[in-house]
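To keep things clear, I will list the structure first and then write my remarks on it.
The values are calculated or read from the model by the stated rules, or taken from the named source; none is laboratory data. From a predicted model like this one, the values you see are computed outputs, not experimental measurements. Neighbour counts run over all protein chains shown; Cβ positions are idealised from the backbone, glycine included. What goes into the accessible areas is simple: the full protein's heavy atoms, side chains included, and nothing from ligands, DNA or RNA. Shrake-Rupley method; radii C 1.70, N 1.55, O 1.52, S 1.80 Å.
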Amino acid sequence: MSASERTGPPGSGARFDLPTIEEESEPYWSALREGRLLIKRCRACDRYHSYPRPFCPHCWSDDVEWVEAGGSATLYTHSTVYVNDLPPFGPQVPYIAAVVDLDEGPRMMTRVVDCDPADLEIGMRLRLRTEPVTDELTMAVFAPA
C-alpha cells in the first residue's frame with residue numbers, strides 16, 4: 001500500500017491507520033500471513049516482549065531473537081467499539097478491542113472475534129487467529145479457546 005493509499009487523496013482528511021511494514025518488523029508480518037505469531041525473546045534476561053523492536057524493554061539488551069508464540073492468551077481487558085470512522089475500521093463496527101496476556105508473558109493489544117461481547121469474561125482463555133486486511137497485511141486477532 002503506497003503512502004497516498006494510506007492517507008487518502010490530498011485534502012480528503014481520510015486516513016488509513018494501518019501499520020507500516022518495515023525491515024525490522026517484516027518477519028512478524030510474514031509470519032502472521034502464514035498464521036503464526038512471532039514475538040521477541042531476550043537472550044540476556046530470557047524475557048519475552050511484544051511488539052517487535054530491536055532491543056529488550058526490560059534490560060535494554062540488543063541480543064534479542066524471534067520466537068514463535070504458542071498462540072494461547074488470557075483476556076486482560078476489553079471494550080466494544082461502536083464508532084470508528086477511520087478506514088478500514090468503519091465497516092467492522094461494532095468490534096471488540098482487547099488487551100490479552102500471551103502465555104509467554106507479553107501483553108498485547110488485539111481484537112476478539114467470534115464472540116458476543118456479553119459472553120466475554122476477564123481471564124477467559126483465547127486462541128490466536130489471523131485476519132487478512134490487505135494483500136501484505138494480516139492482523140493477529142483472538143477468539144475464545
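Using the Cβ atoms and a cut-off under 11 Å, what net charge is assigned to the surroundings of T77, where Lys and Arg are +1 and Asp and Glu are -1? Cβ neighbours under 11 Å give a net charge of 0.
Each Lys or Arg adds one and each Asp or Glu takes one away; over the other residues whose Cβ falls under 12 Å from the Cβ of T138, this sums to -1. Where (1) 1.12; (2) 1.30; (3) 1.37 are the candidate values, the label of the one calculated here for Cα Rg over 2.2 N^0.38 Å is (1). Ranking G70, T110, N84 by Cα position along the charge dipole of the stretch 51-145, where only Lys, Arg, Asp and Glu carry charges on their C-beta atoms, puts N84 farthest toward the positive end. Rounded to the nearest 20 debye, the dipole size of the chain about its Cα centre is 220 debye, using +1 on the Cβ of Lys and Arg and -1 on the Cβ of Asp and Glu. Of the chymotrypsin sites (Phe, Trp or Tyr not before Pro) found in the stretch 12-114, those that fall in a DSSP loop while having at most 12 other beta-carbon atoms within 10 Å are W60, Y82.
For the chain, the relative contact order comes to 20 percent (Cα pairs under 8 Å, sequence separation of at least 6). The residues of the chain present an accessible area of 57 Å² per residue when probed at 1.4 Å with all protein chains retained.
When the helices of the chain are scored as -39500 (n - 2.57) per DSSP H run of n ≥ 4 and the total is divided over every residue, the value at 222 nm lands at -2000 deg cm²/dmol. Mean-square fluctuations from a GNM of the chain, with a 10 angstrom spring cutoff on Cα atoms, peak among V83, V64, V100 at V83. For the chain, carbon and sulfur atoms together expose 50% of the accessible surface, with a 1.4 angstrom probe and every protein chain in place. With each label modelled as a point 7 angstrom along the Cα→C-beta vector, the E131-D62 pair spans 3.7 nm. What fraction of the DSSP beta bridges in the chain is antiparallel, stated in percent and rounded to the nearest 5? That works out to approximately 95 percent antiparallel.
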